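Just below is one structure, and these are the notes that go with it.
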Amino acid sequence: MNLGLEGKTAIVCAASKGLGFACARALAREGVAMVITGRDVAALEMAAAGIRAETGAEVRIAPGDITTEAGRQAALALLPAPDILVNNAGGPPPGDFRDFSDEMWRDALNANMLTPIAMIRAVIDGMIARKFGRIVNITSGSVKSPIPTLGLSNGARAGLTGFVAGLARQVAAHNVTINNLLPGAFETDRLRQNVAKAAQAEGISVEEAIARRGAASPAGRVGVPAEFGDACAFLCATSSGFIVGQNLLLDGGAFNATLS
Ligand code: NAP
């Protein structure tokens, strides 16, 4: 399938590792030129070099914290009018909701709701004017099926999801789509960090804990980031203009429902 993305441009946020990196790599394979962001400059440079070497795509880096105005402006200064925007940032910490301070709530809302909205606000009118835009927000399976220890994530991402549901339908007529990708368990550093504590408590390795987590899902394994990247590229395809305001769950069937 030709996704029709050759020559398009993208900003992929939080993309030096994990799911953001996988999205950047998949888009680069389709001929998309891009700006990728991340806080650790060395990791970002290495990621960009890897994607360039593999795909030959133009990859520029915008080091910085995407949850800050300066971090966002760094990316937008390099590419003010992208055809594609992939919103991503680190996830909030787990814990008991009684221990979440107002500041922790503000940080979570900023990172996982207000930051993607700010990026959308910065690029969407240009997309509307050019009659092409693809916006993909990396959220979480916790939007559909809340994870008790991830109250900050459940709440902040649900806010973004509600906002996007409305906005997506206001811009679709201009061939601008906004959709969300909802990861279940994918093998990334984030997952390794999340399972590390439980693994220690059970006296098993992180790898064993991840394998057990995967075995509990119908697919019998956790997700591979490249699978996530390919789903992102598909949502960005020129022929995906009729996919509007959707929440695509990639979780190996872990969410048990007749309709999901
Ligand atoms: P990851 O492997 O830890 O990678 C996170 C990436 O984002 C890194 O490149 C990191 O680079 C960058 N990043 C983090 N915070 C940033 C910031 N403030 N500004 C700029 N870049 C930032 O995480 P992941 O597993 O890919 O997760 C991506 C998102 O999906 C997270 O929000 C996570 O909560 C969510 N999610 C993941 C899973 C899963 O199983 N993996 C499941 C559900 C939801 P720097 O640290 O150098 O900035």
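The values are calculated or read from the model by the stated rules, or taken from the named source; none is laboratory data. For clarity, every value in this text was computed on a predicted model and none was experimentally measured. Cβ: placed from backbone, ideal geometry, glycine included. Neighbour counts: every protein chain shown.
Would you call Arg221 part of a loop (DSSP other than H, G, I, E, B) and not hydroxyl-bearing (Ser, Thr, Tyr)? Criteria met by Arg221.
Residue by residue through segment 19-46, note down the ones that are surrounded by 24 or more Cβ atoms within 10 Å (Cβ to Cβ), within 11 Å of the ligand (Cβ to nearest atom) and of a type in the set (Gly, Ala, Ser). Passing the criteria: Gly20, Ala22, Ala24, Gly38. Does Arg72 satisfy the criteria of being crowded, with 21+ Cβ neighbours inside 10 Å and assigned to a helix (DSSP H, G or I)? Yes. Condition first: over 27 Å from Pro218 (Cβ atoms), in contact (Cβ under 8 Å) with a residue 40 or more places away in the chain and within 13 Å of the chain's Cα centre (by Cα). Can you find one or more residues in segment 143-156 that meet it? Among the residues of segment 143-156, not one is over 27 Å from Pro218 (Cβ atoms), in contact (Cβ under 8 Å) with a residue 40 or more places away in the chain and within 13 Å of the chain's Cα centre (by Cα), which makes the answer no. The set of residues in segment 180-223 being of a type in the set (D, E, K, R) and in contact with a strand residue (DSSP E or B) (Cβ under 8 Å, 6 or more places away or on another chain) consists of Glu187 alone. Screening Ala108 with (1) buried (at least 22 other Cβ atoms within 10 Å of the Cβ); (2) more than 9 Å from the ligand (Cβ to nearest atom); (3) part of a loop (DSSP other than H, G, I, E, B) gives one miss only, at (3).
Which of the residues belonging to segment 170-213 are in a loop (DSSP other than H, G, I, E, B) and either at positive phi or not polar (S, T, N, Q) (or both)?
Residues satisfying the conditions are Asn175, Gly184, Ala185, Glu187, Gly203, Ile204.
Just one of the listed residues (Ser153, Ser145) is in a loop (DSSP other than H, G, I, E, B), among the hydroxyl-bearing types (Ser, Thr, Tyr) and buried (at least 17 other Cβ atoms within 10 Å of the Cβ), namely Ser145. Here is the figure for segment 115-165: residues that are out of contact with any Leu (no Cβ under 7 Å at 6 or more places or on another chain) and farther than 27 Å from Phe255 by Cβ total 12. Take Ala81 and decide whether it is at pLDDT 95 or above, surrounded by fewer than 22 Cβ atoms within 10 Å (Cβ to Cβ) and touching a Lys or Arg at 6+ places or on another chain (Cβ under 8 Å). Considered against the rule, which asks whether it is at pLDDT 95 or above, surrounded by fewer than 22 Cβ atoms within 10 Å (Cβ to Cβ) and touching a Lys or Arg at 6+ places or on another chain (Cβ under 8 Å), Ala81 comes out as yes.
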